[in-house]
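The values are calculated or read from the model by the stated rules, or taken from the named source; none is laboratory data. The shown structure was predicted, so the numbers you read here are calculated from the model rather than taken from an experiment. Counting neighbours? That spans all protein chains shown, and the Cβs are built from the backbone with ideal geometry, glycine included. Calculation scope for accessible area: heavy atoms of the full protein, side chains included, ligands and nucleic acids excluded. Shrake-Rupley method; radii C 1.70, N 1.55, O 1.52, S 1.80 Å.
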Amino acid sequence: MTFQDADAERPDLARLTALQLRDALAAGQVSAVAVTRHFLAVTARRNPELGAFLSVAPESALQRAGELDDRFAESGPTGALHGMPLAFKDLVDVAGMRTTFGSRVAAEAPPAEEDDQLVYTVHSNGALSTGKTTVPEFGLPCHSENLISAPARNPLDPTRTAGGSTGGGAAAVASGMLPFAPGSDGGGSVRIPAAACGLVGLKPGRGTVPTDLQEDSVRNLTVSGPLARTAADAALLYDAMLGGPGGEGRSLARALEAEPGQLRIGYSTASPFSPDLEITLARPAVDALTAAAAALGRDGHEVVEADLAFAPGYHADFRTVWTSALTRVPLPEGAEGLLGPLSTHFLELARGYSASFLSESVERLTDWAADARRQLAAHDVVLTPMLAFAPPAIGAFTSLPPAEDYEFQCRFTPYTSMINVMGLPAVSVPVLRDAEGLNWSVQAVGRPGTESQLLALAARLEQLLAP
């Protein structure tokens, strides 16, 4: 089946939220095969323009959907995500699919034999995978361009980046190729593409998702989180990602109630990259922050300007810790010649760090994180802009020399990586659209363990800002 046939698309399904679609599947109102055929057909129509998927697997997706339908006929729905199609970014193993890391180094790797632990958890909840979504090489940049596939383009303006590194997943959700998508966030990789494409994106706190690395260290930056069109849809997927008894349904219930409780909310445009980098905010970025703060103030929350004064040195120390991660990637012999310019630059930097140099950077960044967490703890939630300016054109980052490329990325996303360093939860929430139809979001940062509260706050903002 080619899935070029428009008959496979279902306008009635396209209008449903992920939560509504899940409920229809669980009630037997629509089959998993019909739902999967719909999303595969949309993917066949839209992916050539947007490059959201690095690879599509229609045969295995439909086989899994058929098995779920058979099981439903015998014993009812399988898990909280029964029959829901999704796709993991091409950094994690999905059984039967190749994992390329967006790199020529692994472009011809054999298909994975087993699911990654997170994939297994989500699939066990009844979901199925339709393919692997586009990522930049090793997930390092904040866009989703690589040397082995088409770039992930922004559905709001296909000349622009969808963000990264979960840019393929964001483009797929925003364009209707998927109802939602799991992602990973090491410096903003869920929140950045969510903001670029007008989605809700949750970054949980360090160690919250059981399948993530549990080490409490500023070197452990990456966590798993959902991207979706609404806060309730994100909560549905997030609960499934948590897995296990007690986790399932908790965040969804809070988001549906849309009652985060009365909060002390601070807002700030302070960035730890200043004064090392010039951080200039576009007018709509400030307007979005102002609109969100004003709406929450009218809703009865205590909203005040947060007095944040970050210690110096963040830019250099974060760059050291971020680039050092590349030395832990198991590159085969001779792979250096296959790497893209930015990865090559990062690897050269990382190999130049002495053990003492890296240790001192980690120690300083650890102290920085403790001080920053202390400042943010004066508030229940801190609001910041998400992106400093509109998503740049495809090629804007990669056309620059690597060092300039990296600094451009930092200026574009001056508020995201610091949350990974602090290990706190945060959610990207759409606030407004500008005259060009581009989205502008805010970031809401919470205290440890407040992921459900943040999703409830995002749901409340959706209500308050609805046209």
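Hey, can you grab everything whose amide H is under 5 Å from the amide H of LEU227? Only 5+ residues off in sequence or another chain; H modelled, so Pro and N-termini drop out.
Excluding prolines and chain starts, which carry no amide H, the hits are ALA181, GLY183.
With every protein chain present, what accessible area does PHE408 have (1.4 Å probe, heavy atoms only), rounded to the nearest 10 Å²?
Counting only protein heavy atoms, the figure is 40 Å².
Quick check: pseudo-label points 7 Å beyond the Cα along Cα→Cβ at ALA435 and LEU464, how many nm apart are they?
My value for the distance between the label points is 2.8 nm.
Specify the inter-centroid distance of the stretch 143-217 and the stretch 58-75, based on alpha-carbon positions, in whole Å.
Cα centres, the stretch 143-217 to the stretch 58-75: 28 Å.
Please list the non-local residues whose amide H lies under 5 Å from the amide H of LEU54, H modeled 1.01 Å from N, same-chain partners needing a gap of 5 or more.
The list, which skips near neighbours in sequence, is LYS132, THR133, THR134.
Mind listing the phi-derived Karplus ³J(HN,Hα) values for the stretch 23-40, rounded to whole Hz, using 6.51, -1.76 and 1.60 with θ = phi - 60°, and x for any glycine or proline?
With the stated coefficients, the stretch 23-40 comes to 5, 5, 5, 5, 8, x, 6, 8, 8, 4, 5, 5, 5, 5, 4, 4, 5, 5 Hz.
Under 18 Å from a label point 7 Å along Cα→Cβ of SER75: give me every residue in the stretch 123-141 with its amide N that close.
Zone members listed by number: 123-128.
Could you derive backbone 3J(HN,Hα) for the stretch 437-448 from the dihedral phi with the Karplus parameters 6.51, -1.76 and 1.60 (θ = phi - 60°), listing whole Hz in sequence and x where the residue is Gly or Pro?
Whole-Hz 3J(HN,Hα) from phi for the stretch 437-448: x, 7, 8, 10, 10, 10, 10, 10, 9, x, 7, x.
How large is the convex hull of the C-alpha atoms of the stretch 317-461 per residue, in Å³?
Measuring per residue, one finds 144 Å³ for the Cα hull of the stretch 317-461.
Could you derive backbone 3J(HN,Hα) for the stretch 187-195 from the dihedral phi with the Karplus parameters 6.51, -1.76 and 1.60 (θ = phi - 60°), listing whole Hz in sequence and x where the residue is Gly or Pro?
Listing the rounded values in order: x, x, 5, 9, 6, 5, x, 4, 5 Hz.
Leaving out ligands, DNA and RNA but keeping every protein chain, what accessible area does HIS315 have, in Å² rounded to the nearest 10, with a 1.4 Å probe?
Only protein atoms counted, so the area is about 10 Å².
Accessible area per residue of the chain at 1.4 Å probe, in Å²?
So the chain comes to 37 Å² accessible per residue, rounded to a whole number.
Amide H to amide H under 5 Å from VAL304: which residues, 5+ apart in sequence or cross-chain, H placed 1.01 Å off N in plane?
Long-range HN contacts for VAL304: ILE265, GLY266, TYR267.
If we count every other residue with Cβ under 10 angstrom of LEU199's Cβ, Lys/Arg +1 and Asp/Glu -1, where does the sum land?
Result for the local shell: +1.
Run the quick spin-label model on ALA253 and GLU336: label points 7 Å from Cα toward the beta carbon, then report their separation in nm to one decimal.
5.6
Ignoring ligands, DNA and RNA, please state the percent of accessible area on the chain from carbon and sulfur, probe 1.4 Å.
51
FRET efficiency for GLU67 and SER399, Cβ-Cβ distance as r, R0 = 56 Å, nearest 0.05?
0.75
Classify the stretch 92-251 as rounded, prolate or oblate from the Cα gyration tensor: take a ≥ b ≥ c as the square roots of its eigenvalues, call it rounded if a/c is under 1.5, otherwise prolate when a/b beats b/c and oblate if not.
Rounded.
Using only the alpha carbons, work out the radius of gyration and Dmax of the stretch 134-177 in angstrom.
Just the Cα atoms of the stretch 134-177 yield Rg and Dmax of 9.2, 26 Å.
Cα atoms only, the chain: Rg and Dmax in Å?
In order Rg, Dmax, the Cα atoms of the chain give 20.9, 63 Å.
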